[in-house]
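The values are calculated or read from the model by the stated rules, or taken from the named source; none is laboratory data. Nothing here was measured: the structure is a model prediction, and the numbers come from that model. Every residue, glycine as well, gets a Cβ built from its backbone with ideal geometry; the counts of neighbours run over all protein chains shown.
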Ligand SMILES: Nc1ncnc2c1ncn2[C@@H]1O[C@H](COP(=O)(O)OP(=O)(O)O)[C@@H](O)[C@H]1O
Ligand SMILES: [Mg+2]
C-alpha cells in the first residue's frame, strides 16, 4: 500500500507543482493518475521512489515513511517504467533486464536466465536478448522496459506514461499485455497517463487531476462515467463524445446499442 499524506511540492522559483495531495493506493491494485500535462503527475510518482522529495507531507509504503532508509535500496525494490524506456543504450536487452538483480546480489548467470523468462512474460522472443535498444521498435523497447521493471520482483510498479510514445495499435497491445501480467502478478501499480481511455482500460481506480495535483474525482471507471463530479470531469472524460453516450433501440426483439451519432455499435446480450 502506498499512502500520500497531504504532500505538496514547490519547485525552485516558487512554482507549485502539487498542493496538499492525499491518496491511498491499495496493495495489488492498479490506480491511474490521469490529468493534463503539467498537472503534477510525474512529480507525485517520483515522490514514491524519492526522485522528488515533497516540500511538506509524507509518502508511506506499507506504513513506513519512504524517507526512512536508503533511497538507492528503495529504488531497487520499486519497478519504474518511463515513457522512453529509459534503457541503457550501450547494453544488450538481456543486460538491461539483469542489471538490478545483479546489483541486488543475484549471480549473473541466474539473472540472465531469469531475464529470458521475463522477455517471454512480456511477449518478446528470446531472439531480441542480444540486441541493443536502438535495434528494437518503440513497442519492443517499452516491453523491455516493463521486463526490466519486473526483474527484481518488486511489489510496486511505477509507470509514467509508459505507452505514450507508441502508435495506437501497439499501445493497445501493450495495454492488453499489462492487464494480463497484472492478472497473474497482482502488483501494486501506480500508473500515470494523460489519456482517459487508457486510464479507464487499466485502472481499478482512476484519479482525475486538475492543476497542482488537485483531485477532481476519484473512483472506479464505472463510477466516474456514471456520475462525473462536475463540468471539468465531464469535459475531461469526453462525456459528450458520441461513443460515450449510448442508447438502445429494439430491433426484432433484440436491444441494439447505438452511439450518439446513431451508429449501431453492438447488441445487448440476453439477460443484460
Ligand atoms: N524540476 C522542476 N523544476 C521546476 N518546475 C518543475 C520541475 N518539474 C516539474 N515542474 C513544474 O511542476 C508542474 C508539474 O509538473 P509534472 O509533475 O512534470 O506534471 P505532469 O507529469 O503532470 O506533466 C509543471 O508546472 C512543471 O512545469
Ligand atoms: Mg509527466
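What is the residue count in region 1-47 for residues that are within 14 Å of ligand 2 (Cβ to nearest atom) and either crowded, with 16+ Cβ neighbours inside 10 Å or more than 16 Å from residue 209 (Cβ to Cβ) (or both)?
17
Tally the residues that are in contact (Cβ under 8 Å) with a residue 40 or more places away in the chain and either closer than 15 Å to residue 88 by Cβ or part of a helix (DSSP H, G or I) (or both), restricting the search to region 116-140.
Of the residues in region 116-140, 5 are in contact (Cβ under 8 Å) with a residue 40 or more places away in the chain and either closer than 15 Å to residue 88 by Cβ or part of a helix (DSSP H, G or I) (or both).
Mind checking whether some residue in region 167-179 is assigned to a helix (DSSP H, G or I), away from ligand 1 (no atom under 16 Å from the Cβ) and in contact with a strand residue (DSSP E or B) (Cβ under 7 Å, 6 or more places away or on another chain)?
Taking every residue of region 167-179 in turn, none turns out to be assigned to a helix (DSSP H, G or I), away from ligand 1 (no atom under 16 Å from the Cβ) and in contact with a strand residue (DSSP E or B) (Cβ under 7 Å, 6 or more places away or on another chain).
Among the residues of region 12-51, what is the count of those that are within 8 Å of ligand 1 (Cβ to nearest atom), in contact (Cβ under 8 Å) with a residue 40 or more places away in the chain and assigned to a loop (DSSP other than H, G, I, E, B)?
Of the residues in region 12-51, 6 are within 8 Å of ligand 1 (Cβ to nearest atom), in contact (Cβ under 8 Å) with a residue 40 or more places away in the chain and assigned to a loop (DSSP other than H, G, I, E, B).
Within the group 156, 97, which residue is at pLDDT 95 or above, within 30 Å of residue 18 (Cα to Cα), assigned by TED's automatic domain parsing to the domain that holds residue 196 and buried (at least 17 other Cβ atoms within 10 Å of the Cβ)?
156
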